[in-house]
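Reviewing the structure listed below.
The values are calculated or read from the model by the stated rules, or taken from the named source; none is laboratory data. Computed from a prediction, not measured in an experiment: that's the story for all the values here. With ideal geometry, Cβ positions are generated from the backbone for all residues, glycine too; neighbour counts draw on all protein chains shown.
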Amino acid sequence: MLSLLRRAYQTAQWLPQWPAAAFHPWRLESKRRLAALRDVHRGQRCFVIGNGPSLRRTDVSKLRNEITFGMNRVYLAFPEWGFRTTYLVSVNDLVIEQCAEDFRKLAMPKFFTWRARRWLTLDEYTTFLFTTYMAPKFATDARGRLWEGATVTYVSLQLAYHMGCEEVVLIGVDHNFATRGEPNKTVVSEGDDPNHFHPGYFGKGFRWQLPDLETSELAYRMARAAYERAGRRILDATIGGKLTVFPKVDYESLF
């Protein structure tokens, strides 16, 4: 009974967003684009690139010709890498609000939460996803609702599945933060960022939310189960990463 009540409460939280997320012209166009991307990478390998400090110890140049999903402020690394990720994904309101101008300048395929329409408009590169905080699930079809799982990495895993990727390799997903505190609490950075690959990622004055690693692990377990049911797999090649949900693999051995 409690689980039924909890499910009803969670549904009530996101249901009011549904009409616009289903029928708004921007969403209709976004669903058309997502339909065109269905199984576009069937049977292929892709990399989901986290933004942890371990990325500085990872030879990302090896990914120049790979299918890659970058997240949030990964674009700070593009000048050094000399290439962009295949896709960019961002669903956190605080990140999108404060980095909207940066996102608008990126001429590349981008996926944002439907809530981002407050700061971003539909253009040739932008696709809006109906992501929610409530009602845990793993979506195999990204045209519908996607649970965020307290991490944009989980949304990227759902997109990779939607696009047909057979094998997903995680890098830079350290799953370990130097900054501690109540999960999801909004804080303001007081200096250089020790939790990401770039000191200015969440630099001084940037508002961000403390990680909810427990919920993220729940989401990752759901992702692993969904991939394995379909005969696919997720591997973790993060150097020194603390995540234990996925099978570990040596990054260099992949090439």
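Tabulated results
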| item | result |
| --- | --- |
| Phe202 within 27 Å of Pro79 (Cβ to Cβ), touching a helix residue (DSSP H, G or I) at 6+ places or on another chain (Cβ under 9 Å) and in a loop (DSSP other than H, G, I, E, B) | yes |
| Test set (1) in a loop (DSSP other than H, G, I, E, B); (2) buried (at least 18 other Cβ atoms within 10 Å of the Cβ) - Ile234 fails condition number | (1) |
| Scan of segment 37-52 for residues that are of a type in the set (A, V, I, L, M, F, W, C) and buried (at least 18 other Cβ atoms within 10 Å of the Cβ), ordered by number | Leu37, Cys46, Phe47, Val48, Ile49 |
| Residue within segment 169-180 that is out of contact with any Leu (no Cβ under 9 Å at 6 or more places or on another chain) and either crowded, with 21+ Cβ neighbours inside 10 Å or among the aliphatic types (A, V, I, L, M) (or both) present | yes |
| Odd one out for Trp26 among (1) exposed (fewer than 15 other Cβ atoms within 10 Å of the Cβ); (2) modelled with pLDDT under 95; (3) more than 26 Å from Leu210 (Cα to Cα); (4) of a type outside the set (Asp, Glu) | (1) |
| Val95 assigned to a strand (DSSP E or B) and buried (at least 19 other Cβ atoms within 10 Å of the Cβ) | no |
| Matching residues in segment 98-134 - criterion: being crowded, with 16+ Cβ neighbours inside 10 Å and among the basic types (Lys, Arg) | Lys110, Arg115, Arg117 |
| The one condition in (1) closer than 14 Å to Phe47 by Cα; (2) in contact with a His (Cβ under 8 Å, 6 or more places away or on another chain); (3) of a type outside the set (D, E, K, R) that Ala139 fails to fulfil | (1) |
| Segment 35-51 residues that are among the acidic types (Asp, Glu), paired with ones that are modelled with pLDDT of 95 or more (beta carbon under 6 Å, 6 or more apart) | Asp39/Gly164 |
| Evaluation of Arg84 against (1) in a helix (DSSP H, G or I); (2) modelled with pLDDT of 95 or more (one fails), failing number | (1) |
| Residue among Trp81, Trp119, Trp114 that is hydrophobic (A, V, I, L, M, F, W, C) and more than 23 Å from Pro19 (Cα to Cα) | Trp81 |
| Pair list, Cβ < 6 Å and 6+ apart or interchain, from segment 236-255 residues that are in contact (Cβ under 8 Å) with a residue 40 or more places away in the chain and on the phi > 0 side of the Ramachandran plot to residues that are crowded, with 18+ Cβ neighbours inside 10 Å and assigned to a helix (DSSP H, G or I) | Gly240/Ser54 |
